[in-house]
Amino acid sequence: MSWIETSIMAHRVEAKGQPGAEHRMSEGDQGHYHYVYGPYAEPVLRVEPGAVISVETHAAFEGKIRSEADKPSKILNFPYLNPQNGPIHVAGAKKGDCLAVRILSIRPRGPQPAGTTCLMRNSAAWSPPAPPLC
């Protein structure tokens with residue numbers, strides 16, 4: 001017996017741990033990416049509970065950092081970092097519900113499937129810590 005068969009997902013949620021219809025959402029299907037979610041963002045996909053969804057997305061910096069010579073403070077558009085896919089509307093879900101999500105895989109793609117980390121001290125998104133009070 002697999003872990004999913006004995007999990008809360010298999011017994012207490014709408015789909016009972018069973019995979020439903022499959023959906024694929026490309027970057028083109030996504031269209032405009034959001035950087036903050038709220039009630040104003042219209043769903044880009046509507047699914048039933050148990051849906052299996054394959055999503056293409058951008059990396060945090062949307063592929064703009066390509067080499068060590070690239071300066072994030074010159075290239076990135078603050079505060080528009082970490083583009084988010086969706087929203088994806090799950091039929092029957094209501095405000096305050098907890099949705100169980102199982103990530104089956106994550107695969108890097110594209111010409112430079114590598115991560116980037118940088119400290120952006122001089123950016124508009126960073127503010128220095130407050131000086132000590134004593």
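Descriptive notes on the structure:
- Over region 1-106: Rg over Rh, Cα atoms, Kirkwood Rh: 1.06
- Among 19-29, 76-86, the peptide with the highest mean count of other Cβ atoms within 10 Å heads the list, and the full ranking is 76-86, 19-29.
No value in this document is a laboratory result; all are computed from the given coordinates. If you're wondering where the values come from, they're calculated on a predicted model, not measured in any experiment. Reconstructed Cβ throughout: ideal geometry from the backbone, glycine too, with neighbour counts over all protein chains shown.
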